[in-house]
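See below for the structure under consideration.
The values are calculated or read from the model by the stated rules, or taken from the named source; none is laboratory data. Everything numeric here is computed off the predicted structure, so don't read it as measured data. FYI the Cβ positions are ideal-geometry reconstructions off the backbone, even for glycines, and counts take in every protein chain you see. Remember, those area values only see protein heavy atoms, side chains included, never the ligands or the DNA or RNA. Shrake-Rupley method; radii C 1.70, N 1.55, O 1.52, S 1.80 Å.
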Amino acid sequence: MKRIAIILEKNLEQGAAANVAALLMGQAALNEPGLYADQPVRDQSGIQHAGIRYSTVILKAGENQLVNLAKTCAENQDGLKHLVFTQTGQSLNNAFEQYASEIASMTLEAAKVVGVIVWGEDESVRTATKKFSVMK
């Protein structure tokens, strides 16, 4: 069984939190095509529903905790996959080339992490994220 955890900076406003979660999930889906069903999931009315395959939870953490989580996942041998999004990304609207260039020249800490997505085996994701609380 697989699991996804999206961990967001605890002081993000609701709209910004939703945006960061959507960006992280979108990139994760590109990196891991199996996150969603290959075929549409439709109800009896023909309306398509999200075909997410893995249990997904949204958690909150402080900025330093997010940086530490990203670094721990990068060193992890449990097969966890992860991505981050930063304040730098938030500040650059429709400027992808500038974003990519700036990120390439910064440390993780300087970019100011506002969200991390982690996915993999259920138990590994739970272990890596157990100290974070559910976002409300």
query = Considering the stretch 58-104 alone, what residues qualify as being aliphatic (A, V, I, L, M), under 20 Å from ASN11 (Cβ atoms) and part of a helix (DSSP H, G or I)?
reply = LEU66, VAL67, LEU69, ALA70
ask   = If you scan the stretch 57-91, which residues turn out to be more than 20 Å from ARG3 (Cα to Cα), touching a helix residue (DSSP H, G or I) at 6+ places or on another chain (Cβ under 8 Å) and open to solvent by less than 30 Å² (accessible area, probe 1.4 Å)?
value = VAL67, THR86, THR88, GLY89
request  = Could you give me the residue pairs with C-beta distances under 7 Å whose first residue belongs to the stretch 108-127 and is touching a residue at least 40 places away in the same chain (Cβ under 8 Å) and over 16 Å from GLY79 (Cα atoms), whose second residue is open to solvent by 10 Å² or more (accessible area, probe 1.4 Å) and among the aromatic types (Phe, Trp, Tyr) wherever it lies, and which are 6+ apart or on separate chains?
outcome  = VAL114/PHE85; GLY115/PHE85
inquiry  = So the check is Cβ under 9 Å with 6+ separation or different chains; which pairs have a first residue in the stretch 67-79 that's modelled with pLDDT of 90 or more and a second one that's aromatic (Phe, Trp, Tyr) and part of a loop (DSSP other than H, G, I, E, B)?
reply    = LEU69/PHE132
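Yes/no per residue for (1) over 17 Å from the mean Cα position of the chain (by Cα); (2) charged (D, E, K, R); (3) surrounded by fewer than 14 Cβ atoms within 10 Å (Cβ to Cβ):
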{"position": "GLN98", "(1), (2), (3)": "yes, no, yes"}
{"position": "GLY115", "(1), (2), (3)": "no, no, no"}
{"position": "ALA128", "(1), (2), (3)": "no, no, no"}
{"position": "SER133", "(1), (2), (3)": "no, no, yes"}
